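Heads up, the thing below is written out as structure tokens.
The values are calculated or read from the model by the stated rules, or taken from the named source; none is laboratory data. As the structure is a computational prediction, the values presented were derived from the model and not from experiment. No Cβ is skipped: glycine too gets one built from the backbone with ideal geometry, and neighbour counts run over all protein chains shown.
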Amino acid sequence: MSSPTDQIPRISLRPDVEIPQLGFGVFQVPPDETEEVVARALSAGYRHLDTAAAYRNEAAVGQAVHASGLDRSEVFITTKCFNDDHGREKAKKAFKKSLERLELEHVDLYLIHWPVPAHDLYVETWEAFIELQAEGLVRAIGVSNFQPKHLQRIVAETGVTPAINQVELHPHFQQAGLRHEHEQLGIITEAWSPLGQGQALEDPVVVRIAEAHSKTPAQTVIRWHLQLGNVVIPKSVTPARIAENFDVFDFQLADAEMEAIKALDEGRRIGPDPDTFVR
Ligand code: NDP
């Protein structure tokens, strides 16, 4: 019998590494609530968890995975190296600490959280990531919040292309130019704040399309991401929403509906500007 988990499409990051296209984000989930929230997500069927050293809840994510009884190979776990840990040795040390907090032997995806151009250490940090992957401690390596010039530079200087770039992306900030750059370079696009932190759910166009499918605005926006080819990691601490956001595999947006959402782009960020964000 097929389980809810079987419905999640998988995208290839490397020949032997696939990421579930729908995952579960835990930014701003308080550490003391994270184990319960992640346990709920795993029960609902999610098998991809997105944490970061900076979220201070890696330990609780690890505990939920260990307590779930799921085999390690069934759960895809991403964590990230934060801005003050850039540099070859610092990045490797930060990674080992993340691994210890998660109580894992390896992570599935490790990301440079922000490029921090002011420190100019992201190429060196990327070199450390390449070594961690070669050592088998990380199955795939990628970046987050990288602009085209940062991507081009690490590829030119190391010859290794990130598997994925996790960036702010939602109906009001669609990143068409960056997505095109990803296609050129063979990088998968992963959307953070995919619901626009809830703002996208009030858009009348989204509400209308949702009603036409007897779905919710959140399900409609997640479906839009899936059909665009994005990896998508909505966050919720609310049990009903955790389940709702997973229930997105029984409908399809028509081309005209995809176009109507495309027209909502305002080019307006909610989060920090990657060119200037330091911490
Ligand atoms: P999201 O776009 O996922 O929105 C989360 C907000 O939407 C919460 O307030 C949540 O409320 C609400 N929400 C969730 N589901 C529903 C629903 N079905 N109906 C109505 N409201 C809903 O924003 P995030 O910023 O949390 O981004 C998601 C993930 O992306 C993060 O958890 C993190 O993993 C990642 N991220 C990465 C960043 C990076 O720099 N790499 C930066 C920011 C995020 P409630 O929880 O109260 O239910």
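Against the condition buried (at least 22 other Cβ atoms within 10 Å of the Cβ), away from the ligand (no atom under 14 Å from the Cβ) and in a helix (DSSP H, G or I), how does residue 209 come out, does it pass? Answer is yes for this residue. Being in contact (Cβ under 8 Å) with a residue 40 or more places away in the chain, surrounded by fewer than 17 Cβ atoms within 10 Å (Cβ to Cβ) and within 15 Å of the ligand (Cβ to nearest atom) is a property that residue 237 has. Considering every residue within the stretch 31-50, establish whether at least one is assigned to a strand (DSSP E or B), small (Gly, Ala, Ser) and surrounded by fewer than 16 Cβ atoms within 10 Å (Cβ to Cβ). So far as the stretch 31-50 goes, no, none of its residues is assigned to a strand (DSSP E or B), small (Gly, Ala, Ser) and surrounded by fewer than 16 Cβ atoms within 10 Å (Cβ to Cβ).
Picking from residues in the stretch 240-279 that are of a type in the set (A, V, I, L, M) and under 14 Å from residue 170 (Cα atoms), the one that is nearest to the ligand (Cβ to nearest atom) is 270. Of the residues contained in the stretch 137-149, none is found to be free of Cβ contacts under 8 Å to residues at least 40 places away in the same chain, out of contact with any strand residue (DSSP E or B) (no Cβ under 9 Å at 6 or more places or on another chain) and within 15 Å of the ligand (Cβ to nearest atom).
Within this structure, residue 72 passes the test of being at pLDDT 95 or above, more than 16 Å from the ligand (Cβ to nearest atom) and of a type outside the set (A, V, I, L, M). From the list 47, 56, 40, the lone residue that is closer than 25 Å to residue 136 by Cβ and either among the basic types (Lys, Arg) or at pLDDT below 95 (or both) is 47. All of 270, 261 fail the test of being buried (at least 18 other Cβ atoms within 10 Å of the Cβ) and either under 17 Å from the mean Cα position of the chain (by Cα) or touching a residue at least 40 places away in the same chain (Cβ under 8 Å) (or both), apart from 261. Please enumerate the residues belonging to the stretch 183-202 that are surrounded by 19 or more Cβ atoms within 10 Å (Cβ to Cβ), away from the ligand (no atom under 11 Å from the Cβ) and either modelled with pLDDT under 95 or not hydrophobic (A, V, I, L, M, F, W, C) (or both). Residue satisfying the conditions is 189 alone. Do we have residue 222 as touching a residue at least 12 places away in the same chain (Cβ under 8 Å), more than 9 Å from the ligand (Cβ to nearest atom) and crowded, with 19+ Cβ neighbours inside 10 Å here? Here the answer is no, as residue 222 does not meet what is asked. Among the residues of the stretch 76-94, those that are buried (at least 22 other Cβ atoms within 10 Å of the Cβ) and more than 20 Å from residue 278 (Cβ to Cβ) comprise 76, 77, 78, 79. Which of the residues spanning the stretch 1-30 are part of a loop (DSSP other than H, G, I, E, B), modelled with pLDDT of 95 or more and among the small types (Gly, Ala, Ser)? Of everything in the stretch 1-30, just one residue is part of a loop (DSSP other than H, G, I, E, B), modelled with pLDDT of 95 or more and among the small types (Gly, Ala, Ser), namely 23.
Restricting attention to the stretch 102-126, the residues being touching a strand residue (DSSP E or B) at 6+ places or on another chain (Cβ under 8 Å), hydrophobic (A, V, I, L, M, F, W, C) and more than 15 Å from the ligand (Cβ to nearest atom) number 2.
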